[in-house]
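The structure appears below as C-alpha cells.
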Amino acid sequence: MTATASEGDDRIIRESGIDARIALIVQPVLRGIGFRLVRVHLSGQNGLTLQIMAEREDGTMTVEDCEEVSRAVSPALDVDDPIEKAYHLEVSSPGIDRPLVRKSDFATWTGHLIKMETSILVAERKRFKGKIAESDADGVLIARDKAAYGEEPTVRVPYDAIADARLVLTDDLIRDALSKDNRARKEAKKRRGEPEDAPEGAEPDAEDGTEQDN
C-alpha cells in the first residue's frame, strides 16, 4: 500500500515502487521552496506522464505555484534520473475533490462526503462512502452514506488501514473549498504585505496545473 516514510513525510498514504523513489527525490525540493507533496503518480497517459500533486502549507496552489514547483523539481529529476524513458511532467494542485493523505486533511474536511478504500477488512468491508464525522490521532469516524441492512450507521477506520481516500464533489464541498481558499489567499497576501485584490468574477477550476515535457 505505502512506502516507508522519508524524513519529514507526515503523510499516512504514500507511494510504492517507482512512485516512491520519485517522491523521495522531489519532497526535499518541495519543502525547500515552501510546498508539501500530496501525491506522485507515473502513468502511461500521453506516452508516459509523471503527475506531481502539491500544495502550500495553507492548502493553496496557484498556476504560478505549479510553474515554480515544475522549475524546481525538474533539475532534481534530471540529476537522479529515476525514469528511464522520456516522460511528460504535470504539476497540479490537489483540486477540490482532492485525495486525503494526511491526518490533518481528515480534520480539515470534517463533515464532507468521501470515498475510501482500505487495505484490510474493516467492519466486513474494504470500500466506504460517507461523511467524515470526526477524526483523532488514531483514525477517522465515517457516517455511512447508505448503510446496508444490519450495518451500523458509523464505522471507525484506523489510519493504518486506509489505502485511498478522496473527497466527493458536492455543492457544499465547492462552497467550503472556495471559501477556505479565498481566506488562505487573503491571509497570505497580508503576510506578504500585498494589497487585497478586488473580487474576481470567475471561479477557479477543480485543479490548477502546469505541464512540460522531459
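Summary of computed values
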{"quantity": "Count of the stretch 154-183 residues which are of a type in the set (Gly, Ala, Ser) and either farther than 21 Å from Arg39 by Cα or not in a helix (DSSP H, G or I) (or both)", "calculated": "3"}
{"quantity": "Residue selected from the stretch 149-187 under the condition modelled with pLDDT of 90 or more and open to solvent by 90 Å² or more (accessible area, probe 1.4 Å), by the criterion nearest to the chain's Cα centre (by Cα)", "calculated": "Leu169"}
{"quantity": "Residue within the stretch 4-26 that is of a type in the set (S, T, N, Q), assigned to a loop (DSSP other than H, G, I, E, B), under 15 Å from the mean Cα position of the chain (by Cα) and under 26 Å from Asp213 (Cα atoms) present", "calculated": "no"}
{"quantity": "Residue satisfying condition, being at pLDDT 95 or above, under 17 Å from the mean Cα position of the chain (by Cα) and either not in a helix (DSSP H, G or I) or not basic (Lys, Arg) (or both), within set Lys115, Lys129", "calculated": "Lys115"}
{"quantity": "Any pair with Cβ under 6 angstrom, 6 or more apart, that starts in the stretch 9-38 at a residue that is among the acidic types (Asp, Glu) and ends at one that is assigned to a helix (DSSP H, G or I)", "calculated": "Glu15/Ala23"}
{"quantity": "Strands (runs of 3 or more DSSP E) completely within the stretch 32-94 that count 3 or more residues being modelled with pLDDT of 95 or more and open to solvent by 20 Å² or more (accessible area, probe 1.4 Å)", "calculated": "35-43"}
{"quantity": "Of the criteria (1) in contact with a Lys or Arg (Cβ under 8 Å, 6 or more places away or on another chain); (2) open to solvent by 10 Å² or more (accessible area, probe 1.4 Å), which one Pro99 fails", "calculated": "(2)"}
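The values are calculated or read from the model by the stated rules, or taken from the named source; none is laboratory data. All values reported here derive from a predicted model rather than from experimental measurement. Note that each Cβ is placed from the backbone with ideal geometry, even for glycine, and that neighbours are counted across all protein chains shown. These accessible areas exclude ligands, DNA and RNA; they are computed on the full protein's heavy atoms, side chains included. Shrake-Rupley method; radii C 1.70, N 1.55, O 1.52, S 1.80 Å.
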